[in-house]
Structure formats: C-alpha cells, structure tokens
Protein chains: 2
Amino acid sequence: MSFTYKHPRAALTVDCVVFALNDRDLNDRDLNVLLIQRNGPPFAGCWALPGGFVELDETLAHAASRELREETGLDSIRLEQLCAIGDVDRDPRERVVTIAYHALVRMSEQQAQAASDARAVAWFAVNDLPNLAFDHNKILSLAYQRLRDKVRYQPIGLELLPERFTLRHLQHLYEAVLDRPLDKRDFRRKILSMGLLVEVDEIKTDVACREARLYRFDKAKYARLLKRGFTFEM
Amino acid sequence: MSFTYKHPRAALTVDCVVFALNDRDLNDRDLNVLLIQRNGPPFAGCWALPGGFVELDETLAHAASRELREETGLDSIRLEQLCAIGDVDRDPRERVVTIAYHALVRMSEQQAQAASDARAVAWFAVNDLPNLAFDHNKILSLAYQRLRDKVRYQPIGLELLPERFTLRHLQHLYEAVLDRPLDKRDFRRKILSMGLLVEVDEIKTDVACREARLYRFDKAKYARLLKRGFTFEM
DNA sequence: CCAAAAGTGTTTCACGTACACCCATGC
DNA sequence: GCATGGGTGTACGTGAAACACTTTTGG
C-alpha cells in the first residue's frame, strides 16, 4: 500500500516529556524524566523521548497519548502541548516535524514498562542525562524551562507530590524547582492562606523527630477559584 | 511530478496572526489583525489568516515569514510560535496540521498589499471580525488570549505604538488589551518608575488641548535589565 | 538529655489602589 | 473664556520579607 501526493510532505511526529518526582522517597529531591531506549535505527540503543508518528485519523494530543501508552505503558496522562519543532535536518532520514508535549506525574502511580519499539524504559534525573537521540536534549531543555515558568502560577507541586504530603515536602519541591531557599514561616503562611490545602490525619514521617501534619490538595476548591479568576502565584 | 510514501501523510501549513494598532490615528484604539481574502477554494472569497504550506527545505518559522510576505507584503516581522493545531476535520479537503504564529507590528510601518493567492488584504478590528475560513476564528482567539497573557510580563506596548508616544497613548493601549480602565496617576507612576522610558522633545498632538510630553522606549536598558533577571510586570 | 524537624508571631517596607484638582493650549 | 486633555500628591491597606525560639518525638 502506498500514498502519492503532488508535493513532497514532511513526516509528522509527537514527542512526550514526562516529568516526575520520586514521591516514595521524598528525600530524593531530583526531578526525573521518562526516557525510552530505542530499538531500531536511527539512534538504535540510544535513549530518547517517547513518541512517534501521527496517524491521519487522530488528533495530535491523541497521538501523543497513544505513543506514550504504547511505548511506556503510561496511560491517562494529562499532556500539554509544548511547541512544534521543525528544523530541517533534525532527523537524519528525512524531514520530520514534531509536536512536543509535556506532563507532570507522580512516579509511584506509574508503572513504566517498555513496549512497542522501545527496548527499555527508565526515569532519569534531569540534572544527569545521557546524550539523547535526535534533538531530544534540546526539546527536554525547552520543557524544563517551561516547567520552571509554570511553577510560579500553577500549583504543580500538587501533581508531583503524593496524595498526602507535609508542608516541608511541598516547600522542598518549590525550592528545587525555583532553585532558591524559601523561608519556612512565610511559605507556610502563604500556601495555607490560599485555602487549597486540607489537613488529614497525622503520620510519623521520619525517625527521631516530631511527627508532621499531612495535607492533601483540594482540587474541587481550586477548580472553583479558577473559574472566579483566581490566579495561583508563588 | 509526484511523491509516494508507505503511510498516508498529513499536509503541514503555517498560519500567521499579525496584530497591530493604528499608530497614525491614536484615537482609534482598536486592536487590529491582518487578514487576507482567499482567491481559490476552499472558502473562496472568505477572509482568512495569511498562511500556507510548509516547504520541505525550510523551517517552520521560515515558512511563516515567507507565506506572510508572499500573501501580504509584510516582511521582516518577528513571528513567535503560538501552537500546533491538528483537529482531524479542520480542513474539508484532507488532514491538515497547522502551526500558528503570531506577531505585533506598527501598522504605519507596514504596507499590506494583496499578492500570491490572496484576492485582498485588510486590517480588521479584532472585536468586529467576519466569519473566517477553516478554524481561523478559533486560532485568532487563541492568539488574542496569548497576547493578553503576554502583555502583563512583556513590554508589548512598545512594539505596537509609534517610536515616540505619550503616556496617555501607552495607557490606552494597556486599557484596550487588558480590557479594564487604569488610573492615570498610578499608571504613570508605575511605568515611569521602571526607568524604561526616555523623554524626548514635546510635540503638540491634538488640537484644542495642552501639548503632551513624548517618550521613547529605552531598548538597550531593557535588554540590560532582562539579563539581570528583571521582569516587566503590568 | 540530646538530636532533629515541627510549628509559631511580629515588624518593616514596598507596592497597589483609590481619589480630585489645577495647568496649559487652541479655538 | 471655555473646552480639552496634561499633569501632579497623599493616605490606606495588603502582602512580601526578614527574623528566633519553643515543642514534640525517638533514640
């Protein structure tokens, strides 16, 4: 089967940059990204962002979800469009334009498993990355920058942390992404004054120290506030 | 001549949303957008965003600049990527994925002239638009929304107004884009305190009224401040 | 009793906001 | 002299930032 056109056409792909925190071990504060090891050429054996070709009867967002699911097993991820990248020689085979998507997930909720044309799947710390296939290092940098911009006006911590978390964990997350220390009292006051956190039952977190109160994020309230023009700011 | 592939391929286009203020008549406060009237089918005779197919040997940004120049005569415009749109049935002919770009220009510096497959070119007030071809009304809404977001943290006024302008004009621009009235004294205080405006010689602007001081934007200073982590906020 | 992290208040300062009057100019 | 827009100062409230000690728990 083949398809013929009057003019040459670029191939169209999607790529997914999925970020996660290790929400099982909250002392591990590295931000991680999901990569696959390519099975076939080009860049066989090389690590790359999950992604692939867009089918004619699916939207771009659908293609991104599908490829992510097929290659890594991650399903029902809320992907957001990042940008389109169309440098002429970014793929050695032919002209390929890619639409990049990004997402934030809780690592513990995801069972990454290699499938499709991925030899392996793994989480990598964004500050300790291998050389990736194609221009994927560049795409990843763009996504990381977008994340840093986004953290200031969207409650991303609440997508990255476990369901229940301490204020200290939330503060560590913000310190990691914003890359500066925050005052404990000011941070607590500010985040609590938004009224988006709900206290849950206490749990001992570490040895040899006072137990901390756990909170969860009030999604419904956040949605209500958003509709009224509320903007989260950090 | 024809081109054959193993899998069917979407066509790839770019579309440009070019905004401008009428900087000759600053009492005309409407924000305008550049549209072309389509010559051929589909949507012949219908107004649409300038744009067209991406060639295989050019980047996406290049395609956007080229199509804009070919169809409207506008050249050397700094286009920024907005998003990729790939709904399955957005073009009645076949699957077409488009990359939307947007830009801000001074209307007086542009000589819009219909060419290529555009029957006519014209500026339309964004608040009084006709029904556009394809999903171009939707793309335009996205671009307008992006502009409103952007106005708050980038000095866009300085791209839209003439080289020298009064504080009143700048305020009118912000009121138009932010869609709310601003206090004159507070606006002047805030914008002047940033130190990005330079006084130039006075000129009488209107009849029957006191002459107003003109300012120009200090681009060099803005660039220096940006490097030091300054963020413009309105 | 010691180590380790949790939790808590106050002061200061900058900034946003609200608000009203006189001034210069052209007709 | 009047209509038109230009230009100016002050008071108040909110929110960011800086800062140090006591409490609880496990070992």
Exercise. Sort out which residues of region A:111-170 are among the acidic types (Asp, Glu), in the same structural domain as A:Ile85 (by TED's automatic domain parsing) and surrounded by 16 or more Cβ atoms within 10 Å (Cβ to Cβ), and write them in order of number.
Key: A:Asp135
Quiz item: Somewhere in region A:97-117, is a residue in a strand (DSSP E or B) and touching a Lys or Arg at 6+ places or on another chain (Cβ under 7 Å)?
Solution: yes
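Yes/no per residue for (1) acidic (Asp, Glu); (2) under 12 Å from the mean Cα position of the chain (by Cα); (3) closer than 19 Å to A:Arg185 by Cα:
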| residue | (1), (2), (3) |
| --- | --- |
| A:Asp135 | yes, no, no |
| A:Ala143 | no, yes, no |
| A:Tyr153 | no, no, no |
| A:Thr166 | no, no, yes |
Practice problem: Sort out which residues of region A:197-229 are modelled with pLDDT of 90 or more and within 11 Å of DNA strand C (Cβ to nearest atom), and write them in order of number. | Solution: A:Glu199, A:Ala212, A:Arg213, A:Leu214, A:Tyr215
Practice problem: Examine region B:26-33 for a residue that is more than 14 Å from chain A (Cβ to nearest Cβ), touching a strand residue (DSSP E or B) at 6+ places or on another chain (Cβ under 9 Å), crowded, with 18+ Cβ neighbours inside 10 Å and modelled with pLDDT of 95 or more, and state whether such a residue exists. | Solution: yes
Quiz item: Are any residues in region B:43-67 within 14 Å of chain A (Cβ to nearest Cβ) and part of a loop (DSSP other than H, G, I, E, B), and if so, which ones?
Solution: B:Val54, B:Glu55, B:Leu56, B:Asp57, B:Glu58, B:Thr59
Exercise. Among the residues of region B:149-192, write down those that are within 14 Å of another protein chain (Cβ to nearest Cβ) and within 16 Å of DNA strand C (Cβ to nearest atom).
Key: B:Arg152, B:Tyr153, B:Gln154, B:Leu178, B:Asp179, B:Arg180
Quiz prompt | Single unsatisfied condition, B:Lys204 versus (1) surrounded by 10 or more Cβ atoms within 10 Å (Cβ to Cβ); (2) within 14 Å of DNA strand D (Cβ to nearest atom) | solution = (1)
Quiz item: So, of the residues in region A:1-25 that are aliphatic (A, V, I, L, M) and within 14 Å of another protein chain (Cβ to nearest Cβ), which turns out to be surrounded by the most Cβ atoms within 10 Å (Cβ to Cβ)?
Solution: A:Val14
Exercise. For region B:68-109, name all the residues that are without any contact (Cβ under 8 Å) to a residue 12 or more places away in the chain and either facing chain A (nearest Cβ under 9 Å) or crowded, with 16+ Cβ neighbours inside 10 Å (or both).
Key: B:Arg69, B:Val88
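Residue-wise test of (1) β-branched (Val, Ile, Thr); (2) assigned to a loop (DSSP other than H, G, I, E, B); (3) closer than 24 Å to A:Lys221 by Cα.
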position: A:Asp128; (1), (2), (3): no, yes, no
position: A:Leu158; (1), (2), (3): no, no, yes
position: A:Pro162; (1), (2), (3): no, yes, yes
position: A:Val177; (1), (2), (3): yes, no, no
position: A:Pro181; (1), (2), (3): no, yes, no
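The values are calculated or read from the model by the stated rules, or taken from the named source; none is laboratory data. Keep in mind that this is a model prediction, so the values were computed, not measured. Glycine also receives a Cβ, built like all others from the backbone with ideal geometry; neighbour counts cover every protein chain displayed.
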